[in-house]
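One structure below.
The values are calculated or read from the model by the stated rules, or taken from the named source; none is laboratory data. Please read all numbers here as calculations on a predicted model, not as lab measurements. Just the protein is used for accessible areas: all its heavy atoms, side chains included, with ligands, DNA and RNA removed. Shrake-Rupley method; radii C 1.70, N 1.55, O 1.52, S 1.80 Å.
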Amino acid sequence: MSDVYPKIAERIRSLRKRAGLTQAQLGERSGGINAQEISRFESCSRVPSIETLARVASGLGVTLAELTAIGEDETNAEAGRVGALL
């Protein structure tokens, strides 16, 4: 598994907590994704599709690009891999 997926998983968890949402609340805001699926995304035990990532981004009130953004300290190669996912 690419090292990009754990970073996206952490980003989902971080943004959810920053918004003060439970996994169930985020799931509801994301078009009815159940809390168990949100948990799997955050633990990186399941990789969501791009469509599902877009729904999660919407539920978090961010764009898909913001959700999949990686830190400024990352290399251009890793940034390219995220872009390839989109």
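Scanning region 48-70 for residues that are assigned to a loop (DSSP other than H, G, I, E, B) and under 17 Å from Arg16 (Cα atoms), we see that the one that is modelled with the lowest pLDDT is Ile70.
The set of residues in region 1-48 that are among the polar types (S, T, N, Q) and open to solvent by less than 60 Å² (accessible area, probe 1.4 Å) comprises Ser2, Ser14, Gln23, Ser30, Ser39.
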